[in-house]
Amino acid sequence: MKHLYTWSAILIVVFFSVVGDILIARAMKKVGDVHEWWDRGGLWTVVGRVLSRPSFFLGITAMAVSFFSLLFALSWGDVSLVAPAAASLTFIGNAFAAKIFLHEKVDRRRWIAAMLVAAGVALLAG
Amino acid sequence: MTFRKYLVLAGVTVFAAAGDSMLSHGMKQIGSISLHHLLGVILALLNPWVAVGILLLLAFFASYMNALSWADLTYVLPATSIGYVLLALVAKFALHEQISLLRWLGIVLISGGVGFVAGGEALTSHGHHQSPPFAKGAQDGAAESEVASAVSSGAQR
């Protein structure tokens, strides 16, 4: 039963962290290359364009929810399981979600990279 | 990829690693904060390590968003994981901590994964507002430019 709780907590952390990353990435794609906007109108043009994106605020909210559920999970779960499992599953989840929702071309090269990084993070954080 | 963009990616990596380690160093000095004393969180901000750690994490987030404006999420994310490698190397060479064989294996896997992604294109999605001005005229020579980009990505590897 404790396993079930721990893994549900991990999945909740991963879910909100993927949602947050996807929403922020989507907002920034809509904003466009900030270097060009910076050259054209300076810092406040960039800030204004970012703040005019609703998905930016939704993304920040999702990231905050993910952060606090991680803190919550860490307070009673096993740290050596929760932290690396959440970090590495987020990489895999993001690769799926980026392909589906952001239409990124996640080819074999990127799949292999996501798997290698997820495995490496699990080993380092554990 | 311009030099400026490589600097942004370096910022993503370094700010995340430095911010995380300063924050955790500061929080260890303070000790555990209980849910019943949430005031403790505010007091934690007075600790210089915590304050600087938060500033660095804000800098991380700014460079992360900057990178996402011109590169894919699946391109930027592996770069953030290099921070784990940096932290392990700092622990080894600056703090003289022992690194287990499993951790070295983790470092190798992450570096390999990042190398895999870095060899490819930075942007594959087409959500961009502005297309570069030369994109339309270049369509006639699309086949040639495809060959050219295949050659150049081969060379990058």
Give the total of Lys-Lys pairs in the protein assembly as shown with Cα-Cα distances below 30 Å; include a pair only if its members are 8 or more places apart or on different chains.
16
What average number of partner chain Cβ atoms lie no more than 10 Å from the Cβ of the residues making up A:99-108?
4
Rounded to a whole number, the mean other protein chain Cβ count within 10 angstrom for residues of B:115-121 is 4
Just from its helices, what would the mean residue ellipticity at 222 nm be for the protein assembly as shown, if runs of 4 or more DSSP H residues each count -39500 (n - 2.57) and the sum is divided by every residue, rounded to the nearest 500 deg cm²/dmol?
-26500 deg cm²/dmol
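Please compute, for peptide A:28-39, the average count of beta-carbon atoms on other protein chains lying within 10 Å of each residue's beta-carbon. If you can, show how the numbers build up before the last one.
On the way: counts 11, 12, 4, 5, 6, 10, 8, 7, 5, 3, 2, 0.
Per residue, the number of nearby Cβ atoms from other chains is 6 on average.
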Could you sort B:67-80, B:99-112, A:84-97 so that the peptide with the highest average Cβ count within 10 Å comes first and the rest follow in order?
B:67-80, A:84-97, B:99-112
Measuring from its Cα centre, the protein assembly as shown shows a charge dipole (+1 at each Lys and Arg Cβ, -1 at each Asp and Glu Cβ) which, in debye to the nearest 20, is 180 debye
Estimated inter-spin distance, B:LEU89 and A:LEU58, nm [label 7 Å along Cα→Cβ]:
3.9 nm
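Here, each number is a calculation from the coordinates, and none is a lab measurement. This structure is a prediction, so every number in the text was calculated from the model and none was measured. Reconstructed Cβ throughout: ideal geometry from the backbone, glycine too, with neighbour counts over all protein chains shown.
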